[in-house]
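Here the structure is laid out as C-alpha cells; the discussion comes afterwards.
The values are calculated or read from the model by the stated rules, or taken from the named source; none is laboratory data. All figures in this text were calculated on a predicted structure; none of them were measured in a lab. Please note: Cβ atoms are built from the backbone with ideal geometry, for glycine as well, and neighbour counts cover all protein chains shown.
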Amino acid sequence: MRQIWIPKTGEPEVLEVREAPDPVPLEGEVRVRVRASGINFADVLARMGLYPDAPPLPAVVGYEVAGVVDGVGEGVEGFAIGDRVLVFTRFGGYSDVLCAPAGLVAPIPDALDFGGAASIPVNWLTAWLMLVRLGNVRKGDKVLVHACAGGVGTAAVQICRHRGAEVIGTASAAKHERLREMGVAHCIDYRTQDFEAEVKRLTDGSGVDIALDAVGGESFKKSYRSLASLGRLFVFGVSSFAPGTSKSMVAALTGLWKMPSFKPLALMNRNRGVFGVNLGHLWDRGPELRSMLAEMLALFADGTFVPVVDRSFGFDEAGAAHRYIQERKNFGKVLLEPEERKSNREDARNAGFIPEATSRIPCEPRVLAVRSLRVWSSWQKPV
C-alpha cells in the first residue's frame, strides 16, 4: 500500500509518500481499497504542529475515505467484497488501503461517486450536527456561514436551503457568483468588508439566528455580537491560526489571546447560546452519528443534496493539495486520489467524459495536546 506521511512539522512540501505491506483485516474489521480521501483543515493544522488532537509525528492523518471492500474480518455482517463504502478513519485516511471497524463503515448510495462520498463524513456531519441536531434551523431563520465556499460551508448552504433558512455567507469576492447560484442570499467579502457591520445592515440591526464560525480569534467575538435574541453561535475551528503555509506561533497565540470566554450571566441576560463542536470527540456516540449519516445519505440518494467537490490531487501531489487549501483557493471539498484512480479520471476527461505504515483505524480516540496552546488557552478574554 501507499500512504502519505507527515514526517515532521513544516510547509506542505514536507508530506511524503511511503510504501508498506497491505494490512490484514482483524475480527470485526473490513479492508477497503481507497478511491478517494477527503482533506480537512485539521490535517493542515496537524502538519503545522497546531492541532491538539493529532497523533504524534511521524503520522498518517485523514478522517474520511471512500472505496471498495476487498477483505472482511471474522464476525463482520452486512458487508461483502466488492461493496462501495465510505469510512470514518480517525487518522490513517491518507492511504490507498486501510482496515477499519465495521461500525465506522457505511454503504455509498448509487447516486454518489467515490469523490462525492469521500466529501461527506466530516464536513456534512459537522454542518448537520450544528444546524439540525443542535441548532434546530427552521424556515425563515437567518444563518451566518463563515468560509461559505469551503467544505462545511457548501454543506451548510444546502442544509439551510432544504430547511427554508436564509444564508448570509462570507467568502472572497471571486466566489460570490457561484455562492449566489447555490442559494446564498447575501455574500460578504471578508477581505474588504466588516461582516459584523454588514450583518447588522442586512438584518436591520436584529442579527442572525445562527452563526457558524471556524475562523476563531476575534471572529468569534464579532459573530457572537451578530446574534439576535435566541441566537446560537457554533464554533468549530480556528483557521485564522494558520494564515500562511508555515507555522506561526505568533498567529496562533494572537488568535488565542483574542479568543472570547463567554460568561453564563451574560448569556442568560442576552438569551443567546454558544456551542462548541468537534466531530473528532464524538466517537463514543457512534450510533447517533450513524443515524444522522443515514438521514443525510437518503437526501443525497434522492438528489436533495449534491456534493461540492473542487478538485482531486494525486498522492504525489499532496503538498500541492495542502497549499491549495491554505491559500483559500478551493470552492468545496478537496480530495486525494491514488495515482491509478486519478490517471483514469484524467484519461476519461481528456476523452470527453468523466465516469462516475498503519492503515488500521483504531476503535478508541487518542487525544493529545499541543502544550503551548493549552497553556495560552487559559488566557482567553471575556466577551
Q) Only one residue in Asp70, Asp96 is closer than 30 Å to Ala214 by Cβ, touching a Lys or Arg at 6+ places or on another chain (Cβ under 6 Å) and charged (D, E, K, R). Which one? A) Asp96
Q) If we keep just the residues of the stretch 59-73 that are crowded, with 23+ Cβ neighbours inside 10 Å and not charged (D, E, K, R), which is nearest to Leu125 (Cα to Cα)? A) Tyr63
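Residues are listed down the side, and each one gets a yes or a no for (1) crowded, with 21+ Cβ neighbours inside 10 Å; (2) assigned by TED's automatic domain parsing to the domain that holds Ser261; (3) not small (Gly, Ala, Ser):
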| residue | (1), (2), (3) |
| --- | --- |
| Ile188 | yes, yes, yes |
| Glu196 | no, yes, yes |
| Ser206 | no, yes, no |
| Glu218 | no, yes, yes |
| Ala228 | no, yes, no |
Q: Run down Val32, Val61, Val76 and say which single residue is touching an Asp or Glu at 6+ places or on another chain (Cβ under 9 Å), assigned by TED's automatic domain parsing to the domain that holds Thr9 and outside any loop (DSSP other than H, G, I, E, B).
A: Val32
Q.
It is to be established whether one or more residues within the stretch 115-124 are surrounded by fewer than 24 Cβ atoms within 10 Å (Cβ to Cβ) and β-branched (Val, Ile, Thr).
A. no
(Q) As an exercise: evaluate Lys247 against (1) at pLDDT 70 or above; (2) part of a loop (DSSP other than H, G, I, E, B); (3) basic (Lys, Arg) and give the number of the one condition it does not meet. (A) (1)
Q. Across the stretch 35-58, what is the number of residues that are in a loop (DSSP other than H, G, I, E, B), of a type in the set (A, V, I, L, M, F, W, C) and within 14 Å of Pro121 (Cβ to Cβ)?
A. 1
Q: Please go through the stretch 202-243 and pick out each residue that is assigned to a strand (DSSP E or B), over 22 Å from the mean Cα position of the chain (by Cα) and not β-branched (Val, Ile, Thr).
A: Asp209, Leu227, Ala228, Ser229, Leu230, Gly231
Q) Of the residues Val76, Val145, Val132, which single one is of a type in the set (A, V, I, L, M, F, W, C) and buried (at least 24 other Cβ atoms within 10 Å of the Cβ)? A) Val145
Q: Check whether at least one residue in the stretch 159-167 is under 22 Å from Ala42 (Cβ atoms) and crowded, with 16+ Cβ neighbours inside 10 Å, and report yes or no.
A: yes
Q.
I'd like the full set of residues that are in contact with a helix residue (DSSP H, G or I) (Cβ under 9 Å, 6 or more places away or on another chain) and either closer than 13 Å to Arg33 by Cα or of a type outside the set (Asp, Glu) (or both), limited to the stretch 69-85.
A. Val72, Gly73, Gly75, Val76, Gly78, Phe79, Arg84, Val85
